[in-house]
């Protein structure tokens, strides 16, 4: 991913992680920018229906709604985590 696109993903991460159910299926998976883990779409079992009817997938590892469809680069996920969750250490970051 080029640096311009990476910057767009980092800044747009909260928007991109809403109503993402169909995008995750089409991309065959996602990455979570809270716990900085990646996984296939079949691992996602929990979702939330937004007030507008959109479906938002939740991370199968940490349960947070911070999934980015088709983003498997952990450096991008870590940059998103730093930008949006800098006050919180990613779950499972100890010793990894």
Over all Cα pairs of the chain, the Kirkwood radius sets Rh, and Rg/Rh then becomes 0.94
Helix 3-16 sits off the longest principal axis of the Cα atoms of the chain, rounded to the nearest 10 on a 0 to 90 degree scale, by 50
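Can you give me the relative contact order of the chain as a percent, contacts being Cα pairs under 8 Å and 6 or more apart? Write out the running numbers ahead of the final one.
Numbers: 161 pairs, mean separation 32.4, N = 96.
Relative contact order comes out at 34 percent.
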Extension length gain for residue 55 and residue 86 (0.36 nm per residue less Cα distance), in nm, is 8.5 nm
Rounded to the nearest 10 degrees, the helix 74-85 long axis (Cα) sits at an angle to the longest Cα principal axis of the chain of 90
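Read-outs: derived from the displayed coordinates by stated rules, not from any lab. Since the structure is predicted, the reported quantities are computational estimates derived from the model, not experimental observations.
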